[in-house]
Structure formats: structure tokens, C-alpha cells
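To keep things clear, I will list the structure first and then write my remarks on it.
The values are calculated or read from the model by the stated rules, or taken from the named source; none is laboratory data. Owing to the predicted nature of the structure, the values given are computational and were not obtained by experimental measurement. Here Cβ is always computed from backbone atoms with ideal geometry, including for glycine, and neighbour counts include all displayed protein chains.
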Amino acid sequence: MTSFRIRPRFQKVVQLPPDKLEERMQYALQKPNCPVSGVITSGHTYLKIPPGDRHFWSPELHLSLEPHEEGTLVSGLYGPHPVVWFYFLMGYMALAVSSLFVTIIGMSRLTLGLSANILWLLVVFGIVTLVMYLASQTGQKLGVEQTFRIHHCFEDMLGEQVHIQ
């Protein structure tokens, strides 16, 4: 789970139909000693860290439950809270659009024989992108213990081990 992947994921076929699996997970979440909280809707489940233990980098597990010939295909995706994910996505998009404009302006100035010092901003944008990536990896490392807690709780719900890709 602590790889260079930004959002670890898995797929698992479970021998129960989706509605029975949802009932099993709902029962497990209602136990007083359950280490996670969750929201279960038809076909989707979100497992989270309880509010008292959450921090900025706390992970969540989104589960998609689809009918399968052998039971249920469970697709899981670990990631930060959607707001954190959105901040990073918008940051990367802003850097990409800014880089595009700086490149267009800089190359136009070069073509006209003018000074293109604005192209140095591309180096700055590259450094900012690297810093954002390293921050996301650091955040993933800070949330790894909670990721394991969610993962082990999910495995307990299933009664099986689940390999993360």
C-alpha cells in the first residue's frame, strides 16, 4: 500500500450476492468495537475512519459491488477524502494550464526574436509539481496506519484476505 501508486486498488470476487454482502457489512459496522465507520448504499460502500480519529490525510475506501456469476465483484479504491483529492487535482490542472500558456507565450517571443525569460517559469512549475507529488506521497505515508485499519476491517467483514494491486 505504500507504493508509488497514488490510489491503491483491488478487485475480489466474493461468493455472496451483493445484497447479502451489504447486509454483512452493515452488521459489522454496527458492532460497538468496529474500528471504522461507513456508508452503505445500493452497490456502493464507503469505509472511513471515525470522525474523532480523522486528520487531513485520513484515507477512505470506496467499494463498488457488482453482481458476478460467482457472487459479487468487489472493486475497492483507497484514497484521501474527496476534498483533498480535489485540491491536488485542481493544483495539477492549474500547473498544466499555466505551463501551456507560459510555453505558448515564451515560444512566441522566441519566434519574434524577443527575450523569452518567461520560460524559466516552466522550471518553477516543474519544481512545484514535484513538491505536490512528494506531499501527496508523504500524506499517503501519514495515513498508512489508518489505511491498514480500514483494510483489515474490510477483510474481517469478508472473512477472506484481499490483495491490493
**Prompt:** Given 127, 150, 118, 164, which one is assigned by TED's automatic domain parsing to the domain that holds residue 43 and among the aliphatic types (A, V, I, L, M)?
**Reply:** 150
**Item:** Complete set of residues in the stretch 53-94 that are acidic (Asp, Glu) and touching a residue at least 24 places away in the same chain (Cβ under 8 Å)
**Value:** 53, 60, 66, 70
**Item:** When residues of the stretch 31-49 are limited to those that are among the aliphatic types (A, V, I, L, M) and part of a strand (DSSP E or B), the one nearest to residue 152 (Cα to Cα)
**Value:** 47
**Fill in**
Being in a helix (DSSP H, G or I), in the same structural domain as residue 31 (by TED's automatic domain parsing) and out of contact with any Lys or Arg (no Cβ under 8 Å at 6 or more places or on another chain) narrows 52, 106 down to just 52
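Would you confirm whether any residue within the stretch 154-163 is assigned to a helix (DSSP H, G or I) and without any contact (Cβ under 8 Å) to a residue 60 or more places away in the chain?
Looking for residues that are assigned to a helix (DSSP H, G or I) and without any contact (Cβ under 8 Å) to a residue 60 or more places away in the chain, one finds at least one in the stretch 154-163, hence yes.
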